[in-house]
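Here's the structure, in structure tokens; my notes come after.
We did not get these values from a lab; they are worked out from the coordinates using the rules stated. Computed from a prediction, not measured in an experiment: that's the story for all the values here. Glycine also receives a Cβ, built like all others from the backbone with ideal geometry; neighbour counts cover every protein chain displayed.
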Amino acid sequence: MKKGFTLLELIIVIVILGILATLGYTQYTKIVERSRGAEAVANFSKMRKNAINYYLENNTFVGIASADLGIGSDVPSGCASSNYFNYGFQGAGATQVTIYAVRCTASGKTPNWTGNRYVIEHFVNSNSADTIGCWDYVLSQWVGWCVP
């Protein structure tokens, strides 16, 4: 009797390895996206500090500009090979400003979704706790996995 593996045994092992590789890859991509979200959170910290300084000097967020938040100097102003987000702000009111990060998908960045997959928004309040939310444009809902 010859010793060795039958063709059926080899096929079963290859199928099992394929399933395990698929499961491992999906978990890997989630971990990578979380680490890229950490980039946005770190830059939000700089932008938040600059926004609060602007509020303390002017007693309002009205009139705040990108330069006041450090966009272009402390924080990247656009998508580049060294960063994964494009930063900006909107909705500057008397006591709140919304700063955001839009995920860059061009220039060989993966995953390269068509359009912007998600936007991380950081609501900076002058008198209460800040909040961070992530809007997934594909799922059309707020998600929590993109913020570490």
So residue 45 and residue 7, fully extended at 0.36 nm per residue minus their Cα-Cα distance, gain in nm 7.9 nm
With the crude spin-label approximation of a point 7 Å out along Cα→Cβ, what separation in nm comes out for residue 28 versus residue 95? 4.9
